[in-house]
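So the structure is just underneath, and the comments pick up after that.
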Amino acid sequence: MEWIKIDNEAQLEAIKEESKTQPVLLFKHSTRCSISSMALNRVERSWSASDNEILKPYYLDLIQYRSISDKVASDFNVPHESPQAILIKNGEAIFDSSHMSINYNDLKEKAKS
C-alpha cells in the first residue's frame, strides 16, 4: 500500500476536488499511540492492489502536522480523533471512524455506495 502523505493545507482542497471523481480515504495517524499503530496496520494488511481503483489513500501524521489535522476537522465537519479514518466523496466527509472501530471492509463498502 502506498500512502500519499499530506504535509500542507493546500492538499486538502486538492483532495476535495479529487474526491469528486474517486473516493478518498484520509487516515489521521498519531505516531506516538500504539492504538493508532494497530489501526493503521489493520488497514494496511487489508488493502489489496485492486483497492486503488476504489479508494485513494492519504496519510496525515497529526503529531507533525497538527494544524492540518485541525483544518481537516473544520473543513470536513468531523470531530478530531486519533487514529481516525475519514471517507471523502464529492468534497465531503461521508463516513468516519476512530480507534478500533476503523474497519477497512466498512470503508470499502461505503466508498462503493
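The values are calculated or read from the model by the stated rules, or taken from the named source; none is laboratory data. Note that the coordinates shown come from a computational prediction; the quantities given were computed from them, not determined experimentally. In this analysis, Cβ positions are derived from the backbone assuming ideal geometry, glycine residues included, and neighbour counts consider all displayed protein chains. Surface accessibility is based on the protein's heavy atoms, side chains included, excluding ligands, DNA and RNA. Shrake-Rupley method; radii C 1.70, N 1.55, O 1.52, S 1.80 Å.
Here are the numbers for the structure shown:
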quantity: Positions within the range 54-89 being in contact with an Asp or Glu (Cβ under 8 Å, 6 or more places away or on another chain) and in contact (Cβ under 8 Å) with a residue 60 or more places away in the chain, in sequence order; calculated: Ile68, Lys71, Ala85, Ile86, Leu87
quantity: Matching entry among Lys108, Lys71 (being among the basic types (Lys, Arg), open to solvent by less than 50 Å² (accessible area, probe 1.4 Å) and either touching a Ser or Thr at 6+ places or on another chain (Cβ under 9 Å) or not in a loop (DSSP other than H, G, I, E, B) (or both)); calculated: Lys108
quantity: Any hit, the range 86-94, residues being among the polar types (S, T, N, Q) and within 20 Å of Glu2 (Cα to Cα); calculated: no
quantity: Residues satisfying the stated conditions in the range 74-90, i.e. assigned to a loop (DSSP other than H, G, I, E, B) and open to solvent by 20 Å² or more (accessible area, probe 1.4 Å); calculated: Asn77, Pro79, His80, Glu81, Ser82, Asn90
quantity: Qualifying residues in the range 27-53 (those that are surrounded by 16 or more Cβ atoms within 10 Å (Cβ to Cβ), in contact with an Asp or Glu (Cβ under 9 Å, 6 or more places away or on another chain) and not small (Gly, Ala, Ser)) - the one farthest from Gly91 (Cα to Cα); calculated: His29
